[in-house]
Each structure stands twice: as C-alpha cells, then as structure tokens.
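What follows is a set of notes on a single structure, which appears directly below.
The values are calculated or read from the model by the stated rules, or taken from the named source; none is laboratory data. Just so you know, these numbers come straight off a predicted model, no measurement behind them. For neighbour counting, all protein chains shown are included, and Cβ atoms are generated from backbone atoms with ideal geometry for every residue, glycine included. When the accessible area is computed, the model is the full protein with side chains, heavy atoms only, and any ligands, DNA or RNA have been set aside. Shrake-Rupley method; radii C 1.70, N 1.55, O 1.52, S 1.80 Å.
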Amino acid sequence: SGASYTSSPAWICDADGQITKPKQPCFLAVNTGTDSNITAGSDITVEFNTEHYDVGGDYNNSTDTFTAPVAGKYYLSFVIRMASLDTAATYYNFRIITTNRNYTKLVDPNFSSDTHSSAYWSEHMSVICDMDAGDTAYISIKQSGGSSQSDIYGNASSGAANTHFCGYLVG
C-alpha cells in the first residue's frame, strides 16, 4: 500500500540481464544551418537548433542549453564542423560551459594557409562533469584575433550530424 505503479517502467531487465532505463535523461541536438563569418574576438554560443531526441525534455533548442533535471554525473560531448579557418587567428577556444565550471580546448591554427570554405575540419570534445539539479550546459567558441571569416557548418540533411551536442546522465 502506498505504492504507485505507472504504465511505463523506470528500468527494464531482459532475459540476458541487460538493463535499460527508458526515462534516463539523454539528448542529441544538431545545427541544421551554416553560421557564416563568426565574429572574431567574441564568445559565440554554438547553435544546436534541432533535437533528434530528448528523453525527459531537458534540452532547450531556442537557447541551445541543456538543464540537468537531477544532481549527478553527466557525459557531455560536441562535434563542430568548421571551414574557412583563419591562420591569422591566435587561437580558437572551444568550451563546454556548465554552471559549476568550464571545460576548454584550445586550437592554434598554424596551418600553411587558411582552410578552404569546403574543407572538412571538425573539432570535438567530451567530458563527464558534475551537475546539480537545475544546472545548465551549453557550447561556445571564441576566435581570438584574425578576421571574422570562419564558418560553422550544420547538417545538410536530416540524416547527417556534422555539428552536434549530446549528453546523458551517467549516474
């Protein structure tokens, strides 16, 4: 008595002992367009405007932000496809920004020449981070120096995921 039952289980164990948690917070969001000539010298929030899935409804594609529904450790990851990188830039700073701390990856574009607009240059990063209920996470990029010529390429088709942000609750 006092027990509550729902029509959808919190976890499922199959005959082989494999456990799935259908309600476990998990999301994948993509950028469906191209963000051309990002502003050099400014922190830019990377756009991930379309959700492929969002278990729990914790990703907001209008603010490009994930909000942790419960305290725990979360795996967060992104891939950003870029082109027209500027060799005059001092660096590119890719960050996973969370309420508790920022995770940074610097890239020094000492290429022999600027990358072409049709180049396939991708940067990725992943982390397992601690988040409290209500904490947020989003992705930013900053190009230090150089000119505003770099582009972030989105997905040309619904099946592609060239530029994406994903995450899930680990435990």
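If you go through region 60-71 one residue at a time, do you hit one that is under 21 Å from Ile152 (Cα atoms), modelled with pLDDT of 95 or more, of a type in the set (S, T, N, Q) and touching a Ser or Thr at 6+ places or on another chain (Cβ under 6 Å)?
yes
Here's a check for you: in region 50-83, which residue that is open to solvent by less than 20 Å² (accessible area, probe 1.4 Å) and small (Gly, Ala, Ser) is nearest to the chain's Cα centre (by Cα)?
Ser77
Residue by residue through region 1-49, note down the ones that are among the aromatic types (Phe, Trp, Tyr) and either part of a strand (DSSP E or B) or modelled with pLDDT of 85 or more (or both).
Matches in region 1-49: Phe27, Phe48.
From the list Asn37, Asn31, exactly one residue is among the polar types (S, T, N, Q), in contact (Cβ under 8 Å) with a residue 24 or more places away in the chain and open to solvent by 70 Å² or more (accessible area, probe 1.4 Å). Which is it?
Values: Asn31 fails: open to solvent by 70 Å² or more (accessible area, probe 1.4 Å).
Every option except Asn37 fails the conditions.
Residues of region 84-107 being surrounded by fewer than 19 Cβ atoms within 10 Å (Cβ to Cβ), assigned to a strand (DSSP E or B) and not hydrophobic (A, V, I, L, M, F, W, C), which ones?
Tyr91, Asn93, Asn102, Tyr103, Thr104, Lys105
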